[in-house]
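Single-structure report; data block below.
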Amino acid sequence: MSQAHPYTTLISAANLLLNAQNPGWVIIDCRHDLMDPAAGRTAYDAGHIAGARFANLDHDLSGAKQAADGSFKGRHPLPEQDALIATLRRWGISDDTQVVAYDGQGGMYAARLWWLLRSIGHASVAVLDGGLAAWQAAGQGLTTAEPTPAPGSISVKPALTTSVNAHDVLSNLTNLRRTIVDARAPDRFRGENETIDPIGGHIPGAKNRFFKDNLQADGRFKPGHQLHEEFGALISEPQTAVMQCGSGVTACHNLLALEIAGLHGAALYPGSWSEWCADASRPVAKGA
């Protein structure tokens, strides 16, 4: 069921409610906890938006951690395209489907699905602004019933995203043509309190934009004009900017914020810090 004006960045709880029963819409629950990978499914089983399918970050939204040559690709490498397509079809997603992704963590995981769908040319995907909390604050309940959708038929179209690899980022250390922006918390960026990756620090020359700084106090995204101003202080041209984080997940939150701000064309470094720091030959910076 096509629509004249698809949602391509954010959707409010009120607008989702108006369309929640639309057969041309698919809702995906992306809740996760990096420290407890089973927590997302447990939360989904306890209660989710009616009709929502569950997306597992590790199995559905990520691929194999080892490359063909045995090198480490990072903690959450992008899934192989064929595997991604199979997952999306299993969820009932077709080329004309409006997808809505949500989580309970300010969009940090939902934005990953948003980016993945755009990477295969699917523009009609939006993140629920404010997540599950906004849905419940609007007075809407949850269900424990799990849907059994009919298979979808989504296909690959020209990508609406760009990405770079570790070699590109390493080359940039000498030519400095790109601005690298790290979405991790400031202390981890500085190399302090690192509890996830084996080495603390950041890619030399990178700037820090904590993904949570994209949000207002109520968990919804800041207005586009405010995001435009804040990111404009970090990057001069979005087309020469690269977003990264710990493992390529919260970097997508910054990419979503850039899209909301009207700053199009920034790239994702999927391997991010977890891949970068796995090779001792790559330089590491610490401090602010």
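Kindly state, to the nearest 0.05, the FRET efficiency for residue 15 paired with residue 171, given R0 = 51 Å and r defined as their beta-carbon distance.
Approximately 0.75, to the nearest 0.05.
Please tell me the relative contact order of the chain in percent, rounded to the nearest whole number, where contacts are Cα pairs under 8 Å and at least six residues apart.
About 21 percent, as a whole number.
Using only the Cα atoms of the chain, build the gyration tensor, take square roots of its eigenvalues as a ≥ b ≥ c, and label the shape rounded, prolate or oblate: rounded if a/c is under 1.5, else prolate if a/b is larger than b/c, else oblate.
Since a/c reaches 1.5 and a/b is larger than b/c, the shape of the chain is classed as prolate.
Quick check for me: using +1 on Lys/Arg Cβ and -1 on Asp/Glu Cβ, what's the dipole size of the chain about its Cα centre, in debye to the nearest 20?
300
With a 10 Å cut-off between alpha carbons and a GNM built on the chain, which of 178, 31, 90 moves the most?
Result for the chain, Cα springs under 10 Å: 90 fluctuates most.
Using a probe radius of 1.4 Å on heavy atoms only, what accessible surface per residue do you get for the chain? Whole Å² is fine.
43
Hand me the tally of lysine pairs in the chain: alpha carbons under 27 angstrom apart, and the pair either on different chains or 8 or more positions apart.
Close lysine pairs found across the chain: 13.
Which value at 222 nm does the chain reach when only helices count, each DSSP H run of 4 or more adding -39,500 (n - 2.57), with the total divided by all residues and rounded to the nearest 500 deg cm²/dmol?
Result for the chain, helices only: -7500 deg cm²/dmol.
Taking Cα centroids, how far is region 85-102 from region 224-288 in Å?
Answer, in whole Å: 26.
Summarise the accessible area of the chain (1.4 Å probe, protein heavy atoms) by the percent that is carbon and sulfur.
52
If you wrap a convex hull around the C-alpha atoms of region 146-288 and split its volume per residue, what is the figure in Å³?
So the per-residue hull volume is 165 Å³.
What percent antiparallel are the DSSP beta bridges of the chain, to the nearest 5?
Antiparallel bridges make up about 15 percent of those DSSP assigns within the chain.
Mean projection of the alpha-carbon convex hull of region 11-129 over all orientations, in nm²?
Mean shadow area of the hull around the Cα atoms is 7.5 nm².
Taking the Cα centroid of region 107-126 and of region 16-30, what is the distance between the two, rounded to the nearest whole Å?
15
With unit charges on the beta carbon (Lys/Arg positive, Asp/Glu negative), name the residue among 248, 34, 12 whose Cα is farthest towards the positive pole of the charge dipole of the chain.
248
Please figure out what share of the DSSP beta bridges in region 24-175 is antiparallel and state it in percent, rounded to the nearest 5.
15
The values are calculated or read from the model by the stated rules, or taken from the named source; none is laboratory data. All of these numbers come straight from a predicted model, not from anything done at the bench. As a convention, Cβ positions derive from the backbone with ideal geometry for all residues, glycine included, and neighbour counts pool all protein chains shown. Protein only, heavy atoms only, side chains kept; ligands, DNA and RNA dropped before computing areas. Shrake-Rupley method; radii C 1.70, N 1.55, O 1.52, S 1.80 Å.
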